[in-house]
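Participant: Quick one: this structure, given as structure tokens, is what I'll be asking you about.
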Amino acid sequence: MTIGAEPDLQTISLWDWTNVNETGPIVSMIIKPTLSQSCPMHWIKFNPDKNQEIAMNSARRIMFMSWKHESSQFEYYSPSLQGTDSKGSEPIRFTKTVFIPKSQMAVTGTCVGDILVFDRSLIIEGIGDADQKRLIKIVTLTSKTSINQLMTIGDKYLVVGNSDGNIRFYD
């Protein structure tokens, strides 16, 4: 997976480096500034339980993508982030997104110490399409420190590294 550094038309490409006959990406997509809200995507993460699902984010946008082997296009959506616009006078910036193993959930860290928790949308709720993730809650983990690192360990712990130098483990 590669993310282009172009500020105006950023290209996201998936490559099959194990196939010597493949000379180009198997799937590509151009992300226009309107889709990324004029901030280039800076983080991408595969779902460890479902390797055809990807989360990526810019400072202002979170996207979930997937593809099928027989398709040459990504399917993608960006869940509604209503209620995450600002905290005080500072606009909230997203840092990293990771999937929670053995679940349908994903979390995104912010520059103000919160995580946004996403879970699979149920069609009976009338919010989003079936199998799309939606924002279910915002959890404050730290006060006024940016979440700079976000990862999972052992399918059990969420590890958070903050701008204050602390590393925290959550189960």
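Participant: Arrange the peptides 135-142, 95-102, 49-56 so that the one whose residues have, on average, the most other Cβ atoms within 10 Å appears first.
Facilitator: Peptide ranking by packing, descending: 95-102, 49-56, 135-142.
Participant: At q = 0.18 Å⁻¹, what base-10 log of I(q)/I(0) does the Debye formula yield for the chain when every alpha carbon is treated as an equal point scatterer in vacuo?
Facilitator: -1.24
Participant: Given the chain, what count of lysine pairs have C-alpha atoms under 13 Å apart, with each pair 8 or more places apart or on different chains?
Facilitator: Final tally of qualifying lysine pairs is 5.
Participant: Which whole-number value in Å² is the accessible area per residue of the chain, probe 1.4 Å?
Facilitator: Normalised by residue count, the accessible surface of the chain is 57 Å².
Participant: Could you order Ile167, Ile92, Ile153 by accessible surface area, starting with the largest, using a probe radius of 1.4 Å?
Facilitator: Ile167, Ile153, Ile92
Participant: Same structure, new question: Take region 34-76, drop everything but the C-alpha atoms, weight them equally and run the Debye formula without solvent; then report log10 I(q)/I(0) at 0.14, 0.21, 0.33 Å⁻¹ to two decimals.
Facilitator: Evaluating at q = 0.14, 0.21, 0.33 Å⁻¹ gives log10 I(q)/I(0) of -0.34, -0.69, -1.10.
Participant: On the accessible surface of the chain, probed at 1.4 Å, how many percent belong to carbon and sulfur atoms?
Facilitator: 51
Participant: Within region 140-159, find all residues whose amide N lies under 18 Å from a label point positioned 7 Å from the Cα of Asp171 along Cα-to-beta-carbon.
Facilitator: 151-159
Participant: What is the packing order of peptides 66-72, 106-112, taking the mean over residues of other C-beta atoms within 10 Å and listing the highest first?
Facilitator: Per-residue mean Cβ counts within 10 Å order the peptides as 106-112, 66-72.
Participant: For region 52-61, in order, what is each residue's ³J(HN,Hα) by Karplus, 6.51 cos²θ - 1.76 cosθ + 1.60 with θ = phi - 60°, in whole Hz (x at glycine and Pro)?
Facilitator: Here the 3J(HN,Hα) series is 9, 10, 10, 10, 8, 8, 10, 5, 10, 9 Hz.
Participant: Let me ask something else about it. Can you give the local net charge around Ser103? Use residues other than it whose beta-carbon is closer than 15 angstrom to its beta-carbon, Lys and Arg +1, Asp and Glu -1.
Facilitator: That sum, taken over residues with Cβ under 15 Å, equals +2.
The values are calculated or read from the model by the stated rules, or taken from the named source; none is laboratory data. Keep in mind it's a predicted model, so treat the numbers as computed, not measured. Counting neighbours? That spans all protein chains shown, and the Cβs are built from the backbone with ideal geometry, glycine included. All accessible areas refer to the heavy atoms of the entire protein, side chains included, with ligands and DNA or RNA removed. Shrake-Rupley method; radii C 1.70, N 1.55, O 1.52, S 1.80 Å.
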